[in-house]
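The values are calculated or read from the model by the stated rules, or taken from the named source; none is laboratory data. Values in this document were obtained by computation on a predicted structure and should not be read as measured data. A quick note on method: Cβ atoms are made from the backbone with ideal geometry, for glycine too, and the neighbour counts reach across all protein chains shown. For the accessible areas, the whole protein counts, side chains as well, though only heavy atoms, and no ligand, DNA or RNA atoms are used. Shrake-Rupley method; radii C 1.70, N 1.55, O 1.52, S 1.80 Å.
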Amino acid sequence: MSNDKSTQLALIITQFEHELLEVWLSGLMTRMIRRDKNAEAELRQQATRFLPLLVRALERGATTDIEGAAWDDTRHMLTEISQARVRQGFSSIETASFIFALKEPLFAYLRTALADNPIQLVEETTTTSALFDRLGLFTIEVYQKAREQVILRQQQELLELSTPVVQLWDGVLALPLIGTLDSARTQVVMENLLQKIVDTGASIAIIDITGVPTVDTLVAQHLLKTIAAARLMGADCIISGIRPQIAQTIVHLGVNLEDVVTKATLADAFVVALKRTGSTITHPHNAR
């Protein structure tokens, strides 16, 4: 798109800005799934801001290459809108409709303004369509990246919530595991456990796998890595929750747990931990 054509489109938008804004907003409102006064007011404010930015980029002789410096402000605004709509729960299609809903009204005004010049009308319509397609795809790309970041953050938060480290006694920690251990979760498990060892100065960590459905070679390796990391921080580990079927699996896999204390229940492991730390518990019935 040449500078003249860019300027021509900018003139048309400037000349019919108010009418174009209202037609555009009307189309946007009909596409909104969740409508309320706040959402409509925000949409009007965004649309009102966008048109002058679009005109400014076109007046600078911008082409359909929206990666150029002339489009910096426009891209920045569309990035803000797309990221905000991820947080607000909009879909990518709803987000992109902010741009795509402007195409038809623009085409209508182009047909009116260039009715006497059909060749230029075809050229303007084609280049305008390409421009808005790229702007719309840009909003989808930003939306998807922002959505992926939200999902990754939520996954990380869930991992942290699913690997709590509890202080059972002075010098004794417990890490109850529920679900499957994969590489990502093992990393979180180790980080949480090591940080708790540093914070509390614990010398014993009980890793309870009662809630781990199966133990395969990979899970066993992850357990051994966690135990090794804890030992480097000065804490010994006890594994509890070894059910008969898991014990058979570990033996079958040939996993070496000879130097690791294992117990059937968390309670049994706790007793061992207390003995190692020199602590005792007085039963209430024996208390004087």
>> Show the residue pairs meeting these rules: Cβ distance below 6 Å; 6+ apart or different chains; first residue within the stretch 165-187 and within 12 Å of Ala202 (Cα to Cα) and modelled with pLDDT of 85 or more; second residue outside any strand (DSSP E or B) and not hydroxyl-bearing (Ser, Thr, Tyr).
In response: Val165/Asn192; Val165/Leu193; Val165/Lys196; Gly171/Ala202; Val172/Ala273; Leu173/Val165; Leu173/Lys196; Leu173/Ala202
>> Glu123 - would you say it is more than 16 Å from Leu20 (Cα to Cα), out of contact with any strand residue (DSSP E or B) (no Cβ under 8 Å at 6 or more places or on another chain) and open to solvent by less than 30 Å² (accessible area, probe 1.4 Å)?
In response: no
>> Looking only at residues that are open to solvent by 90 Å² or more (accessible area, probe 1.4 Å) and modelled with pLDDT of 90 or more in the stretch 188-211, which one is farthest from Ala229 (Cα to Cα)?
In response: Asp199
> Under 6 Å by Cβ, and 6 or more places apart or on different chains, what pairs join a residue from the stretch 86-115 that is modelled with pLDDT under 90 with one that is buried (at least 21 other Cβ atoms within 10 Å of the Cβ)?
Replying inline: Ala113/Ile12
> Looking at (1) at pLDDT 90 or above; (2) in a loop (DSSP other than H, G, I, E, B); (3) not small (Gly, Ala, Ser), which is the one condition that is false for Leu131?
Replying inline: (2)
> From Thr163, Thr180, which residue is of a type in the set (Val, Ile, Thr), more than 30 Å from Thr95 (Cβ to Cβ), surrounded by 14 or more Cβ atoms within 10 Å (Cβ to Cβ) and in contact with a strand residue (DSSP E or B) (Cβ under 8 Å, 6 or more places away or on another chain)?
Replying inline: Thr163
> Residues of the stretch 76-99 being within 22 Å of Leu11 (Cα to Cα) and surrounded by fewer than 19 Cβ atoms within 10 Å (Cβ to Cβ), which ones?
Replying inline: Met77
>> Can you find a residue that is in contact with a strand residue (DSSP E or B) (Cβ under 6 Å, 6 or more places away or on another chain) and at positive phi anywhere in the stretch 202-220?
In response: no
